[in-house]
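Participant: Got a structure for you, written out below as structure tokens; questions coming shortly.
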Amino acid sequence: MVVFETDRLLLRTLKHEDLDSVMNFWGNEEVMKYCGNNGSREREQKAIEFYIKLQKEKGFSAYAVILKENSEVIGACGFNPTKEEHKIELIYHFAIKYWGKGFATEAANACINYACENLKINKISASIHPRNLVSKKVLEKLGFKFRCMNWSEVTKQKEPYFELHIV
């Protein structure tokens, strides 16, 4: 199991027992309004299984984000694979009550550091819904640069596409 931390957060590989917590963000309509749709328990259980397998096979995944002060799983942050061998996609989703507290930036920065130190990548990408201005700010704080508008099969629209080049 992969575990790394920040001052306020612990990030670890997702587990099957995280399903109830995961439903607070991936199963929440408001959280997922810019990301396609919220998922059912069955769909999110499959997502957890996918990320457990991805971590074993590729060395990265989306990670459970745990608030140190109360040990609650407050979100997920990490990576999806892409079609390019040395490129991964950054994702992050948090339960609504933890929005606006800097957790997305903190967790994403820790994930980027993990990727730089442990993975053979040279690029991290991210796409956001055009109206998701908060996520745009997070990406800009992390050093991502807007590259173009790309078609999203998930949301069926063109979305701003960002990249972070790893040296």
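The values are calculated or read from the model by the stated rules, or taken from the named source; none is laboratory data. Given the structure is predicted, the values throughout are model-derived calculations rather than measurements. Backbone-built Cβ (ideal geometry, glycine too); neighbour counts: all protein chains shown.
Participant: Given the residues N113, N80, which is the only one that is within 19 Å of I166 (Cβ to Cβ) and either in a helix (DSSP H, G or I) or touching a Pro at 6+ places or on another chain (Cβ under 8 Å) (or both)?
Facilitator: N113
Participant: Given (1) of a type outside the set (G, A, S); (2) touching a helix residue (DSSP H, G or I) at 6+ places or on another chain (Cβ under 6 Å); (3) modelled with pLDDT of 95 or more; (4) farther than 18 Å from A62 by Cα, where does V138 come up short, assuming only one miss?
Facilitator: (4)
Participant: Output the residues belonging to segment 56-66 that are buried (at least 18 other Cβ atoms within 10 Å of the Cβ) and assigned to a loop (DSSP other than H, G, I, E, B).
Facilitator: To start, the set of residues in segment 56-66 that are buried (at least 18 other Cβ atoms within 10 Å of the Cβ) comprises 60-66.
Across segment 56-66, the qualifying residues are F60, S61.
Participant: Could you tell me how many of the residues in segment 1-55 are surrounded by 19 or more Cβ atoms within 10 Å (Cβ to Cβ), part of a helix (DSSP H, G or I) and hydrophobic (A, V, I, L, M, F, W, C)?
Facilitator: 3
Participant: Another question, if that's okay. If a residue counts only when it is of a type outside the set (A, V, I, L, M, F, W, C), at positive phi and within 17 Å of the chain's Cα centre (by Cα), which strands (runs of 3 or more DSSP E) contained entirely in segment 122-167 have at least 2 such residues?
Facilitator: Values: elements: 123-127, 145-152, 157-165.
No strands (runs of 3 or more DSSP E) qualify here.
Participant: More than 30 Å from Q157 (Cβ to Cβ), touching a residue at least 60 places away in the same chain (Cβ under 8 Å) and part of a loop (DSSP other than H, G, I, E, B), is that true of E69?
Facilitator: Against the criterion (more than 30 Å from Q157 (Cβ to Cβ), touching a residue at least 60 places away in the same chain (Cβ under 8 Å) and part of a loop (DSSP other than H, G, I, E, B)), E69 qualifies.
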